[in-house]
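The values are calculated or read from the model by the stated rules, or taken from the named source; none is laboratory data. Computed from a predicted structure; not experimentally measured. Here the Cβ is made from the backbone with ideal geometry for all residues, glycine too, and neighbour counts use every protein chain on show.
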Amino acid sequence: MSKHHTFIETLEQLGEDLREKGLIHLTAEDRVLEHNSFYVQKKEVINFGSCSYLGLEFDSRMKEAAKKAIDDYGTQFSASRAYVSPRYYAELEYKLTEIFDAPTLVAPTTTLGHIATIPVLIRDEDAIILDHLVHNSVQNAVNLVKPRGVHVEMVRHNKMDMLEDRIKKLRQKHKRIWYMADGIYSMYGEAAPIDIIFELMDKYTELYFYVDDAHGMSCFGKHGRGYVLSKKPMHERMLMATSLNKAYASGGGVLVCPNKEMVVKIKSCGAPFLSSGPMQPAALGAACAAADIHLSDEIYQLQGELQENIKYTNLMLKKYNLPSVNENNSPVFFVAASLPKLGFNIIRRLLDEGFYTNIGVFPTVPMKNTGIRFTITRLHTFKQIEDMITAMAYHYSLALKEENFTLEQVYRAFRMPMPEEQKSDKVLQQLVSLTQLKVERFRSVEQINKEEWDGLLGHRGTFNSKGLQFLEEVFANNIFPENNWEFDYIIIRDVANKPIIATFFTAALSKDDMLSPGSISKQIEERRITDDPHYLCSKTLFMGSLLTEGNHLYLDKNHPQWKNAMQLLLNQIAQLAEKRQTTVTNLRDFDLEDSEMDSLMLDNGYFKIGVPENHVIEQLEWNNQEEFIKTLSARSKKHFKQDIRKYENKFEIKIHAKPTEEEVNYWYKLYLNVKHRNLDLNTFTLPFKVFQTMAEDKDWEILTLGIKAESGKEEDKKTAAVMFCYKNEKNYNFMLVGLDYEFQEYNAYRQAIYQVILRAKELGMEKVRLGYSASVEKRKFGAKVITPIAYVQAKDNYNFEVLGAMTVMKEVKTNNAVNTR
Amino acid sequence: MQLTQGEFFQFNLQSQIQLIKKDGIFMMKRLVYDTHLVKLYKIYEFYVEVVLKRTSNKVVSIEPVINGKIVEMYDNTA
């Protein structure tokens with residue numbers, strides 16, 4: 001399952017969930033719309049989702065101008081602007097140039113404006129730095145230049161020190177560095193630090209600024225020219241895109257350019273100007289009328305009235321103690337809810353009360369930063385505003401109780417300090433006692449009854465009691481932080497002490513590009529070498545560990561309280577994440593198709609991602625090679641004869657009971673050979689201590705494939721492959737491999753897999769687990785492919801978006817790659 | 001939700017009128033010369049005087065009541 005597929009699947013599921021709850025894809029049912037309310041689901045609701053901040057959409061002058069334009073030009077003047085434009089365009093662009101005091105070009109939408117401009121503006125040798133929260137339409141346009149090899153990266157939202165640091169680095173290679181940001185951000189409503197950005201432009205002549213000020217348009221500045229230009233005049237190294245669809249209340253987008261040449265260039269070369277349709281006369285007529293309002297003093301009165309409503313809203317949010325994410329003078333507000341299910345609950349309740357608001361949910365915000373996004377327009381009355389906020393405050397507390405969540409958890413998820421007077425919520429503790437489930441937490445597997453643990457989870461792989469003791473010993477007291485893991489074990493029991501859930505967690509530093517394409521990891525590894533060894537690394541709370549595989553969760557789904565137990569486990573995980581100070585939680589490996597679990601996880605702010613395929617051989621009921629071959633497909637039989645049997649006599653298999661330190665050193669080098677070659681599953685290199693400890697642990701077996709020397713002398717013999725395997729009662733687990741690539745011609749890796757299978761058979765095992773990756777090779781031996789998924793939650797999605805923004809230079813296909821595991 | 005006097009006077013005149021209409025309680029009124037009508041309102045935990053021009057019946061200003069004895073200035077029969 002590809003990452004893209006899981007992303008779409010998560011969106012689809014979210015969409016389905018929201019549709020079922022009647023929160024999205026709604027229809028305004030009014031025959032005639034007159035003010036700031038509409039009918040939805042046969043109920044009148046006050047509209048707190050409109051971006052027409054100045055309420056100009058009902059202005060009679062604009063309506064009349066739209067009608068007149070239709071009378072004059074019909075419903076559409078259907079021709080590409082490259083050929084001919086209706087006269088309204090010229091009139092509008094003339095007026096807009098006066099509004100912005102800079103040359104302008106009108107595009108059918110702001111999104112198409114970005115698509116027209118960015119590929120024309122950006123040269124192959126330029127670098128682009130995206131603000132983490134820059135509007136999706138800008139990011140999509142940037143995707144168009146990535147295939148040209150343009151360097152694209154991302155900085156944390158509004159972090160000017162980070163931006164400056166990157167400018168300093170990039171200016172050594174790039175003559176033009178574009179910082180792309182929004183003027184007013186569409187979700188939280190916060191503004192870009194324009195003064196600092198301009199200071200940086202003055203300081204670094206390489207810095208260019210591309211800004212989307214759609215939500216600032218009309219609401220701020222002289223003639224309503226927007227937030228950005230209310231702070232500073234147009235800069236010669238700046239291009240601004242803005243919208244006529246929001247407070248301007250007509251249609252289209254505007255590109256505000258530093259000079260006329262730029263306008264001509266975009267108009268001549270920008271794809272949407274060459275081949276897309278123009279704006280309709282009605283929208284153009286309305287836009288011309290809106291321009292007249294903007295060029296008159298009336299605009300300041302409208303702006304003033306909007307500001308009064310914004311001021312009142314800020315005051316009410318404070319008075320009602322709602323966790324508002326951002327207080328400023330923009331008309332966009334966001335009240336934190338954290339969990340999607342809590343956000344959905346509140347939005348639904350508000351709709352039932354007659355208030356239409358928006359849900360701010362993944363992917364526009366991180367999954368655990370869901371909230372109630374609402375907008376304020378000039379048309380709202382104070383009464384409407386207070387009524388809505390009163391209802392929100394009332395239903396917020398009811399929804400918290402219903403979803404078994406606390407306000408403290410909400411503040412924590414948004415990293416906001418919680419007001420002292422609100423720290424009294426004990427809902428969670430009450431829930432625990434109500435469900436009568438008992439949670440047991442341990443720091444070491446030695447504190448848990450071995451028989452019970454092994455009975456629940458011991459047969460699943462390498463995480464039986466002894467296997468976990470090994471991990472605890474190895475991943476402690478190491479020099480590098482990535483090699484020190486913290487272990488936590490959780491067992492949840494019912495009143496009769498029967499376990500419903502048992503699992504373990506490790507908190508460890510991990511690479512965020514672990515599952516990214518190799519070409520992305522290659523770029524990141526270069527920065528880890530030059531800048532910061534822990535660049536794009538996150539302390540992650542894993543269900544299981546980075547050195548175990550399979551389903552790590554014992555869950556008794558036949559128990560009537562299993563869902564309560566899961567909810568309790570998720571609460572415990574949230575606490576653990578706080579305690580261990582992890583920023584990402586990764587719960588793995590779950591079944592691909594489990595809609596019940598998907599829904600539970602989504603409600604709790606987890607999204608689903610694909611993880612590498614796992615391989616297991618379950619058929620070991622054969623007695624010799626011929627019988628084994630018979631179990632294979634026709635194609636695999638051929639492969640076996642050509643690639644395995646042919647070279648079998650070249651190798652000498654050896655099982656090492658008491659290896660020397662010299663041998664372990666050599667094997668470690670072979671392991672590093674494989675590790676350094678493969679970035680497709682990009683993990684930290686395991687420390688030598690892992691291999692030393694394995695060598696002394698009788699539950700681990702180390703097998704080597706020696707190449708027989710032509711001289712026949714023992715000392716001339718060389719090791720082609722080393723296999724590190726963990727055995728438990730019933731399973732043989734092929735965990736790590738090391739290879740000497742000098743012997744590739746003998747298919748040493750394939751031979752290694754075969755010899756592992758033979759060894760498992762010899763030991764009377766029921767299954768052989770072959771681990772992740774190299775799927776094609778493993779399937780040739782009849783391995784069953786398990787396609788698991790993981791549920792992931794990130795405190796903020798910055799690192800993941802940085803990865804998403806990076807240019808995939810050359811896709812490296814991973815299926816055939818030999819991995820260390 | 002109640003606003004303090006300081007918060008109330010952060011708003012412009014039109015907004016103050018809106019707040020008074022929403023949350024104010026009319027108490028008394030008085031004439032100032034023949035030109036202006038002054039209305040006393042209790043809003044939240046304080047009092048304000050709304051000054052209207054008689055000819056146009058438009059509010060020209062809203063003033064805080066800082067003197068507790070101001071009630072004595074009103075002739076409720078006016």
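Beta carbons closer than 6 Å, at least 6 apart along the sequence or on distinct chains, pair a first residue in the range A:21-45 that is under 20 Å from A:Ala391 (Cα atoms) and free of Cβ contacts under 8 Å to residues at least 60 places away in the same chain with a second that is of a type outside the set (Lys, Arg) and part of a loop (DSSP other than H, G, I, E, B) for A:Tyr39/A:Glu29; A:Tyr39/A:Asp30.
Just give me the residues in the range A:661-716 being of a type in the set (S, T, N, Q), more than 26 Å from A:Leu536 (Cβ to Cβ) and at pLDDT below 90, in sequence order.
Start the filter on the range A:661-716 by keeping residues that are of a type in the set (S, T, N, Q), which leaves A:665, A:673, A:678, A:682-683, A:685, A:692-693, A:704, A:711.
So of that shortlist, the ones also more than 26 Å from A:Leu536 (Cβ to Cβ) come out as A:665, A:692-693, A:704, A:711.
Answer for the range A:661-716, where residues must be of a type in the set (S, T, N, Q), more than 26 Å from A:Leu536 (Cβ to Cβ) and at pLDDT below 90: just A:Ser711.
Residue count for the range A:288-347 satisfying the condition of being away from every other protein chain (no Cβ under 11 Å) and among the polar types (S, T, N, Q): 10.
Between A:Thr462, A:Thr503, A:Thr540, which is part of a strand (DSSP E or B), of a type in the set (Val, Ile, Thr) and touching a Gly at 6+ places or on another chain (Cβ under 9 Å)?
Numbers: A:Thr462 fails: part of a strand (DSSP E or B); A:Thr540 fails: touching a Gly at 6+ places or on another chain (Cβ under 9 Å).
Just one listed residue meets the conditions, A:Thr503.
Residue by residue through the range A:389-418, note down the ones that are under 18 Å from A:Lys579 (Cα atoms) and either surrounded by fewer than 16 Cβ atoms within 10 Å (Cβ to Cβ) or among the β-branched types (Val, Ile, Thr) (or both). Within the range A:389-418, A:Thr406, A:Val410, A:Arg415, A:Met416, A:Pro417 meet the criteria.
Looking only at residues that are touching a Gly at 6+ places or on another chain (Cβ under 7 Å) and among the hydrophobic types (A, V, I, L, M, F, W, C) in the range A:115-132, which one is farthest from A:Tyr204 (Cα to Cα)? Don't jump to the end; show me each part of the working.
Initially, the range A:115-132 is screened for residues touching a Gly at 6+ places or on another chain (Cβ under 7 Å), giving A:116-117, A:120, A:124.
Filter again for among the hydrophobic types (A, V, I, L, M, F, W, C), leaving A:116, A:120.
Numbers: A:Ala116: 27, A:Val120: 23 Å.
Restricting to residues being touching a Gly at 6+ places or on another chain (Cβ under 7 Å) and among the hydrophobic types (A, V, I, L, M, F, W, C), the top hit is A:Ala116.
The strands (runs of 3 or more DSSP E) falling completely within the range A:148-258 that include 1 or more residues that are more than 25 Å from A:Ala805 (Cα to Cα) map to A:253-256. Against the condition at positive phi, of a type outside the set (Lys, Arg) and assigned to a loop (DSSP other than H, G, I, E, B), how does A:Asn321 come out, does it pass? Yes.
Results for (1) among the basic types (Lys, Arg); (2) out of contact with any strand residue (DSSP E or B) (no Cβ under 7 Å at 6 or more places or on another chain), shown as yes or no for each residue.
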| site | (1), (2) |
| --- | --- |
| A:Glu64 | no, yes |
| A:Tyr73 | no, yes |
| A:Ser85 | no, yes |
| A:Leu96 | no, no |
| A:Ile99 | no, yes |
| A:Gly113 | no, no |
| A:Asp124 | no, yes |
| A:Asn140 | no, yes |
| A:Arg148 | yes, yes |
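Yes/no per residue for (1) surrounded by fewer than 19 Cβ atoms within 10 Å (Cβ to Cβ); (2) of a type in the set (Asp, Glu); (3) touching a helix residue (DSSP H, G or I) at 6+ places or on another chain (Cβ under 7 Å); (4) on the phi > 0 side of the Ramachandran plot:
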| site | (1), (2), (3), (4) |
| --- | --- |
| A:Thr582 | no, no, no, no |
| A:Asp591 | yes, yes, no, no |
| A:Asn604 | no, no, yes, no |
| A:Lys608 | no, no, yes, no |
| A:Val611 | no, no, no, no |
| A:His615 | no, no, yes, no |
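Residues satisfying the criterion are present in the range A:302-310 (criterion: out of contact with any strand residue (DSSP E or B) (no Cβ under 6 Å at 6 or more places or on another chain) and surrounded by fewer than 17 Cβ atoms within 10 Å (Cβ to Cβ)).
Could you go through the range A:55-74 and let me know if any residue there is of a type outside the set (Phe, Trp, Tyr), surrounded by fewer than 19 Cβ atoms within 10 Å (Cβ to Cβ) and part of a strand (DSSP E or B). Reasoning before the result, please.
Looking only at the range A:55-74, we keep the residues that are of a type outside the set (Phe, Trp, Tyr), and these are A:55-57, A:59-72, A:74.
Those left that are additionally surrounded by fewer than 19 Cβ atoms within 10 Å (Cβ to Cβ): A:59-61, A:63-64, A:67-68, A:70-72, A:74.
Within this subset, residues satisfying the condition of being part of a strand (DSSP E or B) are none.
The answer is no; no qualifying residue exists.
Rundown of residues vs (1) modelled with pLDDT of 90 or more; (2) at positive phi; (3) hydroxyl-bearing (Ser, Thr, Tyr), yes/no style:
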| residue | (1), (2), (3) |
| --- | --- |
| A:Leu23 | no, no, no |
| A:Ala28 | yes, no, no |
| A:Val32 | no, no, no |
| A:His35 | no, no, no |
| A:Tyr39 | yes, no, yes |
| A:Lys42 | yes, yes, no |
| A:Ile46 | yes, no, no |
| A:Tyr53 | yes, no, yes |
| A:Ser60 | yes, no, yes |
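Screening the range A:737-774 for residues that are crowded, with 20+ Cβ neighbours inside 10 Å and among the polar types (S, T, N, Q) and picking the one that is farthest from A:Asn673 (Cα to Cα) gives A:Gln755.
With respect to the conditions (1) out of contact with any Lys or Arg (no Cβ under 7 Å at 6 or more places or on another chain); (2) away from chain B (no Cβ under 14 Å); (3) not basic (Lys, Arg), A:Ala399 falls short on a single one, namely (1).
Within the range A:348-386, the residues that satisfy the criterion of being within 14 Å of chain B (Cβ to nearest Cβ) and outside any loop (DSSP other than H, G, I, E, B) are A:Phe382, A:Lys383, A:Gln384, A:Ile385, A:Glu386. Beta carbons closer than 6 Å, at least 6 apart along the sequence or on distinct chains, pair a first residue in the range B:19-34 that is more than 21 Å from A:Glu305 (Cα to Cα) with a second that is of a type in the set (Val, Ile, Thr) and outside any helix (DSSP H, G or I) for B:Arg30/B:Val38; B:Val32/B:Val38. Total residues in the range A:559-599 satisfying the condition of being closer than 21 Å to A:Trp485 by Cα and not in a helix (DSSP H, G or I): the figure is 10.
Which residues, counting only those in the range A:510-528, are among the basic types (Lys, Arg) and under 15 Å from the mean Cα position of the chain (by Cα)? Within the range A:510-528, just A:Lys511 meets the criteria.
Within the range B:1-26, how many residues turn out to be within 14 Å of B:Ile62 (Cβ to Cβ) and more than 14 Å from chain A (Cβ to nearest Cβ)? The qualifying residues number 1.
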